[in-house]
Amino acid sequence: MDYGLRLLHVKIKGGIYLIIPSVTEEQNLVKELIDLSTRDRIRAIRELPMSFEEKKRIRWVMSSIKQCCRIILHQHILGCVCLCHSSARQTLELWQGVMKEIGGKFGSSVLSYFMFLKWLLMFNIFSFLVNFGFITIPLLVYDPLPNIPPNVSFRGLEILTGAGYFNYTVMYYGGYSNETLSGLVDYDMQLAYFFTIAVYMVLCGFALIFSMARSFQRNYILAEPASSCAWQLLCSWDFSITNEKAVRQRKSNLRESLSEKAQMKLLTLSEKLKHFAVHLGSWLLSTGLALGCGASIYYLCQYEQQVHSSMEGLTLLVPFVVSLINLVIPLFYSLFYKFEQYSSQRRQIYALVIRNVFLKMSILGVLCFYWMNVVAKKYSCWESMVGQSLYRLVIADFLFLMLGSFFGEFLSNVIGTRLIPRFGVPEFDIARNVLELIYAQTLAWIGIYFSPLLPAIQIVKFFILFYLKKVSLTQNCQPPRRTGRAAQMQTTFIALLFFPFFVGALSMVAYTAWRLAPSEQCGPFRGLNDTFSVVGVWIDDLEVIPGSQWVVWIYQNVIRSEIFYFLITVVTLVITYIFWQVIQGRKSLMNLLRQQIVNVSVFEEKRLLLMLFIERILFCTQHWVYSKYILL
């Protein structure tokens, strides 16, 4: 029986056509019913001269069509919204196109540096918004004009030195009042300054810990060791590379790495002793250089204080020497690989990173010791003096970063391509550049107490540095020949940023708040024994306010109780131990599963060999029987 099956094109909202199979006799009827309202459609179906079963089937067809129309329309609208949202997000996201270009030409390892730079930029934007919103804006609303002496004017040198005109503005600690600002609401500047800095440092600590833990879980706990040849051959390809030249270079680097591992031989005892002596000498030399640089910076600071009152330009001596050391000594460390021989590239990178970290921490440790023990006792407004020193360090570091890009990368490219071709095009040193970013961020964290608006300088610095490094990378550098996993490198960056740099900066700020007496002539904490005393004064004021006794009780019995911190430490250690055991259990389970896979594969190989052996025996037996039969 021929039902005359055809395709029915039904137009729904949004200009979408729904294609359904239709019976010839019902096509015109369905077209008429689909355009009616629900009430008119029900009435029209009731009035049709058909049987109940036919009306029921038509009603079922109409309900199916309407349901399909709703689903398709919903999916169409949802797809348009998702497409618009994705397009808008990619358009508004900072440096999205530049990131893709860098990843396509130089790979994920170099891209990880720029992602880290962008992450630090967002950190400083958040810091600036917090400090400017809760500390600076209330003071500017209350007193918009700074109290600048008539004989002080802006000369331009303040951009480098941070002294003079800037010393009387809200750039530094001394420019903030200790009064309660009266307006629509009373705003206590002491509490605002203390709690803004404290909450910001706590939030930074939690953000770093969370980012480090999440990255460590993804990239280390669930990751395979990257040292095997099988991993390099099958899993080490960087799929973000799209440039044809970079692809060819990546293939060549992978081929050389595999050939070196294949030709690797065991060392004799004399060779091991020779390598140990070279490593020991390199470590002693690098440690001695770091300690010597720290001692020279201390004596240079003393010399600067003696001639500080004579010439303002001499205040740039210490920051320029510090930045010069941070530029030259890491380049000297990078030459050690010509004498040292490590079993893997990762160990060589870690050795270079540890040496540079020790160098920078020794310099920062000496500077902090000098500020806390010499500057704090010599000047009446010593917090502003420390803020000026940190401002000069940030500016000098930025200038030397630009010089480092010129001398370290541009001149190396000119020498390697025109003068001495055997040197070749320089590689982009990821470890050294990342440590420069970490050092710059540490200066901002230390200076957050002494110069609340220092993150604004960091924002401009990182923004310019991004384009400077991008231009230098594309014009002067080539991708690293040997790279580790980009994700694990990102985890290492965050771990170094947290410890020892963030922990050291937090210790410096905490020591200043708990142990050192604030200046008596400037700043929001003048007249107090220490910065933390502002909390005690606030609690004393709360005792006379009805309904605030619970806050006083928490402060006296919890915050100031040693048992509370002891219990927090014990709970933290217990939770850490539990998670550590969970991690070890998962690692053991993964090792067992891997071993089981190996055993299964070995069993399958043995079974296959046994079957081949049996087939061979059967074949030989049949051949022998057939031969005997022929002979008979």
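Observations on the structure shown:
- The 1.4 Å probe gives accessible areas that order Leu454, Leu593, Leu160, largest first, as Leu593, Leu160, Leu454.
- Probe 1.4 Å - accessible area at Glu101, Å² to nearest ten: 70
- Between amide H atoms placed 1.01 Å from N, distances below 5 Å from Gln478 occur with Glu427, Phe428, all of them 5 or more places distant or on a separate chain.
- In this structure Cys522 has an accessible area near 10 Å², from a 1.4 Å probe over the protein heavy atoms.
- Qualifying GluC sites (Glu not before Pro) for segment 493-577 [loop in DSSP, other Cβ within 10 Å: at most 16]: Glu520, Glu543
- FRET E, pair Arg155, Val552, Förster distance 60 Å, beta-carbon r, rounded to 0.05: 0.75
- Solvent-accessible surface of segment 372-449, taken per residue with a 1.4 Å probe and all protein chains present: 35 Å².
- Surface composition of segment 359-461: carbon plus sulfur atoms hold 69% of the accessible area, using a 1.4 angstrom probe and ignoring ligands, DNA and RNA.
- Reducing segment 491-567 and segment 125-189 to their Cα centroids gives an inter-centroid distance of 23 Å.
- Local charge for Phe525 was computed over the other residues whose Cβ lies under 15 Å away, with Lys and Arg +1 and Asp and Glu -1, and equals -3.
- Using 0.36 nm per residue and subtracting the Cα-Cα separation, the extra length available between Trp60 and Glu427 on full extension is 125.1 nm.
- Net charge of the neighbourhood of Leu117, taken over other residues with C-beta under 11 Å away and scored Lys/Arg +1, Asp/Glu -1, is +3.
- Surface accessible to a 1.4 Å probe, Ser64 within the full protein complex, Å²: 40
- Taking every alpha-carbon pair in segment 280-332 and binning the separations at 5 Å intervals from zero gives 4, 18, 24, 20, 14, 10, 6, 3, 1, 0 percent.
- When the residues Phe358, Phe210, Phe114 are ordered by accessible surface, computed with a 1.4 Å probe over the protein chains alone, the sequence from largest down reads Phe210, Phe358, Phe114.
- Using θ = phi - 60° and Karplus 6.51 cos²θ - 1.76 cosθ + 1.60, couplings along segment 385-394 (whole Hz; Gly, Pro as x): 5, 5, x, 5, 4, 5, 4, 5, 5, 5
- Largest to smallest in accessible area, the residues Tyr565, Tyr298 fall in the order Tyr565, Tyr298 (1.4 Å probe, all protein chains included).
The values are calculated or read from the model by the stated rules, or taken from the named source; none is laboratory data. Just so it is clear, the model here is predicted, and its values are computed rather than measured. Ideal geometry is used to build each Cβ from the backbone, glycine not excepted, and the neighbour counts take in all protein chains shown. Calculation scope for accessible area: heavy atoms of the full protein, side chains included, ligands and nucleic acids excluded. Shrake-Rupley method; radii C 1.70, N 1.55, O 1.52, S 1.80 Å.
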